[in-house]
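Working notes for the structure below.
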Amino acid sequence: MRRRKFFASAVAVPAASPLLGQQGPPRQQAELPKLDIGTADDVASMQPKYFSAGHFAALSRLAEILVPTPEGGVGAKEAKAAEFLDFLIGQSPAERQQVYLKGLDALNAQAKQKHQKPFESLSEVQAVGLMEPLRKPWTYEPSPDPLTRFLQTAKADVRTATQNSKEFNLNGGGGARRPGGVGMYWYPLG
Amino acid sequence: MASQEFDVLIIGSGASGGTAAYTLTKLGLKCAMVEAGPLVDFEKSRGLKPVYELPYRGFGKPGKLPHVFQANEFNANQWVDEKEVPYTHDPKMPYNWVRVRMVGGKSLFWARMSFRLSDYEFKAKDHDGFGENWPISYADLAPYYDRIDPIFRVSGRKEGLKQLPDGLFVPDESPDSEATLRMARAGKEFGMTVTKIRRSLGTGGLASSRNLLLPDAIATGNLTLVPNAVAREISIDKNTGKANGLHFVERQSRREMFIKAKVVVVAASCLESTRLLLNSKIANSSGVLGHYLMDQSYIGNSVVALVPEAKSGKAKRGMVGGAGYIPRFANLKSGKEKKYIRGCAFDFSTGGTPDAKYFPAWGKELEDMQMAARGASFSATAMGDVLPRFENRVEINKTVVDAYGIPVLHFDCTYGDNELEMMKDSVATLAETCRSAGFEVIHTNDKPYPPGYSIHELGTCRMGSDPKRSVLNAYNQSHDIKNLFVVDGSSFVTAGTQNPTMTICALAMRASEYLAAKLSKNEL
C-alpha cells in the first residue's frame, strides 16, 4: 500500500514541477492601465471597392437624395452611407447584390435615355423624376420591376446605414429623427 | 457516478423539459437532464453596445443566419449557428427553422403569449371533418393548465370564450384604449372579440424554464443538469426493446458519451425531438413520424393603419397605447362558414409610428409624413391555423451532417390553399374592421411568411388513439416503446391559432405524472 502511494507521487511530481517552477510564487494580477483608443473610422475613410465607379457615383447621389443633410445635422453623405453599403453589399449573398446592380443599371440607363447623362450628373428635379417608383405602395412581395425593387431596398438600407452611423448618433440623432441607439449585445457563446 | 442509472433522462431544458423536470423531481424521481447548449450567465454573456460599434451597423453579418428573420446584429449569437447545425430544403420551399441551444432553450426569448387550446382544436375533426381529433379533450388538460398558469403568472382578462378558454389569471385590469374599444365595437359585426393579450409575467422580466422551473427541480436534490450534451441517438436494449439511455456528444471536447436511464423523456423541441427519433430509427411503426408538420401561418404588420385623431401627436390621454388580442372568429358556429376551414387570430398594438417603408416618399417629405403619423399607429400580426397534412414533413438527409457528425433534417413543407385563403379573408376582414372603426388603413399584406417563421413548429410526432396513425398515445408515451415519452410540441395533432407554450407545459406535466405513476407500479 505504502509502495503504491510512493509511485503515485513520484509520477505526479515531474509532470507538475517544471510548470510550477517557471511561474514562481503566486502573484497578484497586474492591473493594466486603461488606454484611450480610436477606431478605424476616426482616422480613415472607407475605400469603395465593390461597386464600379459609375454604380458608386449613382448610389452616392441617390443616398443624398433619400436622406438629405438637415440643417446642422447628419444625412447619408456625412454618415458615409454609400461607402458603408459598398462594403455591406459586397459581402452579401448574390441575390441582394443583384438587386443593387440591376437597379443601379436601370437608374443610369433611364438617366441616359431621358437626359443623356448618368444619374449622378442630373439636376435635383431630373433625379427625383426618376425616383417616382418610390411613390408606389410598399408590398411584402418584392416588386418584379428591378428599379422599383432597388429603390425600395435602397430607401430602407440608406436610412438604416445613416441612422446607425457613429456620425448620426453622436450628433444627437440629426434633429427629430430616431438614432439607432444602444442595444443588448450577445457575445459569442463559449 | 459515471455508471449511475437515473430513473428518468430528460433530453432538453426548455419549456417542456423544464416542466418534466419540475414535475418528476417533486415526485421523488432521480432525473438527469441533458441540454445541447451551455448554461449562460446573462451578466457575462451580454452587454450594452451602441449600434455604431457593431461591424455591420446593425444590419448583421450578411448570410450568417439566412433563415432567422428575428435575428439582428445585437442578438445574432443567441441563435443556433446555421453552419454548425444546418438543415436542408428545396430552395423553392423555404422553411425558417429558428433554434436556441442554451439552458432554458427558446423559453428564454419567447414573446410570453400564454393561451389555452380549446375543443375547437382538440376536437377539430368533430367540428369540420378534417384530419384527426386529439385523443384528449380540453377537460382532460384543463387541470394541468390550472397548475401551469400560476407558475408562469399568466395575466389576462376573463371573457368566457369557448374558443379561448380562460385561465387562472393575474387580473389585467388596465383600461382599454379608445382605439381598442372602437376596434371591439366595429369587430362585433364580424364575430370578433377583442381582449387583453394573455401573457406570462414570470419574475424579474423573465418567464422561462431557466428561472421558473429548473431552480425548483434542482432544489429537490433530484435533478442533475448537464449542459453541452448534444444528443446523437437513443439506445434500445435489444432484449427488452426498451430505451435504456442516450449516446451524446460533449459539445466542447466532442467526446462520445453514454448515459443510462430507466425512462427517456424527449423534450428537445419539436423538430429536434423528431430528428433524434428518426436518427435513432425508433418509435415509427406507424410511419407517420416526421409527418403532419404544422405551425401558425404568420404575417407581421398584416394591417397597418392610423388613428386619425391621434395624428401629429394629438392623441388625448387614453386614446391609443397598449396591445390587444382578437381570438379566432371564423368558422365557430358551423364547420365551414367560409371558403376555408378553421381560422386566424390577431394580436395588435396601438400608439407607435409606422415604419418608413409604408410611406411613399423620401427625404424631408418622408420625415414630415412620419412626424404626422407619430403615435397614431395601429398594427396587427396575423396567426393562422395550419392544417395537419401528411405531405408536410421532415426526414433525415442522409448526405448532410452537422458539426457533430449527426445527420440533419430535410424539410418538405408548404402552405396550402386553405391557409392562403384563410389569411386573405382574415386580413381583409380586419382591414374592413379598421375602416369601420374610423382608422386610415395604409397597408395590408395577406401573404404569409414562409413556414416556420412563427417559431411555433408543431406535430411530426403526433399523439393519437390508433398506433397505426400516431406515434404517441394520449399521455405522450410512445406506442412502440413504453418507457419513451415525447413531451414537446411535436405531439400536437392540430396547431390552432394560439401560441403553444402553455399547452406544451400542460401536456408535459400531465405526461410526467402518468410516467411517475406507471414507473412506481413497474409498468414501464
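The values are calculated or read from the model by the stated rules, or taken from the named source; none is laboratory data. No experiment lies behind these values; they were computed from the predicted model shown. Cβ atoms come from the backbone with ideal geometry, glycine included; neighbour counts cover every protein chain shown.
When the residues of segment A:29-76 are filtered to those that are of a type in the set (S, T, Y), part of a loop (DSSP other than H, G, I, E, B) and under 29 Å from A:L134 (Cα atoms), the one that is farthest from the other protein chains (Cβ to nearest Cβ) is A:S52.
Scanning segment A:78-100 for residues that are outside any helix (DSSP H, G or I), more than 14 Å from the chain's Cα centre (by Cα) and surrounded by 17 or more Cβ atoms within 10 Å (Cβ to Cβ) gives a single hit, A:E78. For segment B:286-312, taking the residues that are among the small types (G, A, S) and part of a strand (DSSP E or B), the one that is nearest to the chain's Cα centre (by Cα) is identified as B:S297. In segment B:14-122, counting only helices (runs of 4 or more DSSP H) that sit wholly within it, the ones holding 1 or more residues that are touching a helix residue (DSSP H, G or I) at 6+ places or on another chain (Cβ under 8 Å) and away from chain A (no Cβ under 14 Å) span B:15-26, B:119-122.
Only one entry of A:N108, A:N164 meets the criterion of being in contact with a Gly (Cβ under 7 Å, 6 or more places away or on another chain), over 29 Å from B:T444 (Cα atoms) and in contact (Cβ under 8 Å) with a residue 12 or more places away in the chain, and that entry is A:N108. Does A:D157 satisfy being at pLDDT 95 or above, over 24 Å from the mean Cα position of the chain (by Cα) and over 13 Å from A:I65 (Cα atoms)? Here the answer is no, as A:D157 does not meet what is asked.
Results for (1) free of Cβ contacts under 8 Å to residues at least 40 places away in the same chain; (2) within 19 Å of B:M33 (Cα to Cα); (3) surrounded by 24 or more Cβ atoms within 10 Å (Cβ to Cβ); (4) touching a Leu at 6+ places or on another chain (Cβ under 6 Å), shown as yes or no for each residue.
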| position | (1), (2), (3), (4) |
| --- | --- |
| B:G464 | no, no, no, no |
| B:P467 | no, no, no, no |
| B:A474 | no, no, no, no |
| B:I481 | no, no, no, no |
| B:G489 | no, yes, yes, yes |
| B:F492 | no, no, yes, yes |
| B:T497 | no, no, yes, no |
| B:M502 | no, no, yes, no |
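Listed here are the residues, each with its yes/no results for (1) surrounded by fewer than 18 Cβ atoms within 10 Å (Cβ to Cβ); (2) closer than 18 Å to B:D488 by Cα.
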site: B:M294; (1), (2): no, yes
site: B:G300; (1), (2): yes, no
site: B:V303; (1), (2): no, no
site: B:G313; (1), (2): yes, no
site: B:G318; (1), (2): yes, no
site: B:G324; (1), (2): no, no
site: B:P327; (1), (2): no, no
site: B:R342; (1), (2): no, no
site: B:G352; (1), (2): yes, no
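Restricting B:F378, B:F329, B:F348, B:F390 to residues that are more than 13 Å from every other protein chain (Cβ to nearest Cβ), within 24 Å of the chain's Cα centre (by Cα) and part of a strand (DSSP E or B) narrows the list to B:F348.
I want to confirm something. Restricting to segment B:359-374 and keeping residues that are surrounded by fewer than 20 Cβ atoms within 10 Å (Cβ to Cβ) and touching a residue at least 40 places away in the same chain (Cβ under 8 Å), which single residue is farthest from the other protein chains (Cβ to nearest Cβ)? Checked segment B:359-374; the qualifying residue farthest from the other protein chains (Cβ to nearest Cβ) is B:A372. Looking at segment B:136-150, is at least one residue outside any helix (DSSP H, G or I) and either among the β-branched types (V, I, T) or buried (at least 18 other Cβ atoms within 10 Å of the Cβ) (or both)? For segment B:136-150, residues outside any helix (DSSP H, G or I) and either among the β-branched types (V, I, T) or buried (at least 18 other Cβ atoms within 10 Å of the Cβ) (or both): present.
Among the residues making up segment B:379-394, those that are of a type in the set (D, E, K, R) and either crowded, with 17+ Cβ neighbours inside 10 Å or at positive phi (or both) are B:D385, B:R389, B:R393.
Here segment B:23-36 is the region considered, the condition is being crowded, with 21+ Cβ neighbours inside 10 Å and of a type in the set (G, A, S), and the residue that is nearest to B:S13 (Cα to Cα) is B:A36. Within this structure, A:K155 fails the test of being in contact with a Ser or Thr (Cβ under 7 Å, 6 or more places away or on another chain), at the interface with chain B (Cβ under 9 Å from one of its Cβ atoms) and either free of Cβ contacts under 8 Å to residues at least 24 places away in the same chain or crowded, with 20+ Cβ neighbours inside 10 Å (or both).
Pairs are defined by a Cβ separation below 8 Å, a sequence spacing of at least 6 or placement on different chains, a first member in segment B:203-225 that is in a strand (DSSP E or B), and a second member that is polar (S, T, N, Q); the pairs so defined are B:T203/B:N211; B:L223/B:T25; B:L225/B:S13. Consider only pairs whose beta carbons are under 6 Å apart and that are at least six residues apart or on different chains; among these, list those whose first residue lies in segment B:227-246 and is over 14 Å from B:K482 (Cα atoms) and whose second residue is among the acidic types (D, E). Matching pairs, first to second residue: B:P227/B:E35. Screening B:P448 with (1) closer than 19 Å to B:R328 by Cα; (2) in a strand (DSSP E or B) gives one miss only, at (2). Figure legend. Inter-residue proximity from segment A:132-144: first residues more than 7 Å from chain B (Cβ to nearest Cβ) and assigned to a loop (DSSP other than H, G, I, E, B), second residues surrounded by 12 or more Cβ atoms within 10 Å (Cβ to Cβ) and at pLDDT below 95, beta-carbon distance below 8 Å, spacing 6+ or different chains. Indicated pairs: A:S143/A:K136.
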